[in-house]
Amino acid sequence: MPKRMMQGTVVSDRNDKTVVVRVERITRHPVLKKTMRRSKRFHAHDAENKFKPGDLVIIQECAPHSRLKRWEVVGEGSKG
C-alpha cells in the first residue's frame, strides 16, 4: 500500500528533531456551496533540524516515532 504524502507549511520547530506542519485543504460547504479552507496540524520527524517556520515541506506517512509523530519530512515543497 502506498504511503500518503502531503504538502504543508512549518509552523513550529521548537522540539528537537520535530516540526509541526499545517496542511490546508479546500472544501465546499454541503449546503451553502461556499468554498472553505480547512487546516490540520501534523507532527513530523525532521532528523537534521533543517526546516524553520514558514518553510514549505512535503511530509510522508511512516511508522510511529513517538506518541504524536506518524509523519516524516521527505523534502521541500514547491509553490504553485
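Of note:
- Pairs where the first residue, in the stretch 17-42, is closer than 15 Å to VAL57 by Cα and the second is assigned to a loop (DSSP other than H, G, I, E, B), C-beta under 7 Å, 6+ apart: LYS17/ASP46; LYS17/ALA47; LYS17/ASN49; THR18/ASP46; THR18/LYS69; VAL19/ASP13; VAL19/ASP46; VAL19/PHE51
- Selection from the stretch 47-66 of residues that are more than 15 Å from MET6 (Cβ to Cβ), surrounded by fewer than 16 Cβ atoms within 10 Å (Cβ to Cβ) and touching a strand residue (DSSP E or B) at 6+ places or on another chain (Cβ under 7 Å): LYS52, PRO53, GLY54
- Subset tally (residues that are small (Gly, Ala, Ser) and part of a strand (DSSP E or B)) for the stretch 39-60: 2
Residue by residue, here is whether (1) in a loop (DSSP other than H, G, I, E, B); (2) under 19 Å from GLU72 (Cα atoms) holds:
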{"site": "LYS3", "(1), (2)": "yes, yes"}
{"site": "THR9", "(1), (2)": "no, yes"}
{"site": "ASN15", "(1), (2)": "yes, yes"}
{"site": "VAL21", "(1), (2)": "no, yes"}
{"site": "LEU32", "(1), (2)": "yes, no"}
{"site": "ARG37", "(1), (2)": "no, no"}
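- All conditions in (1) part of a loop (DSSP other than H, G, I, E, B); (2) within 15 Å of VAL23 (Cα to Cα); (3) among the small types (Gly, Ala, Ser) hold for ALA63, with the sole exception of (2).
Bear in mind these aren't lab numbers, they're just calculated from the coordinates by the rules spelled out. Since the model is a prediction, treat every value here as computed from it, not as a measurement. Note: ideal-geometry Cβ built from the backbone for every residue, glycine included; neighbour counts use all protein chains shown.
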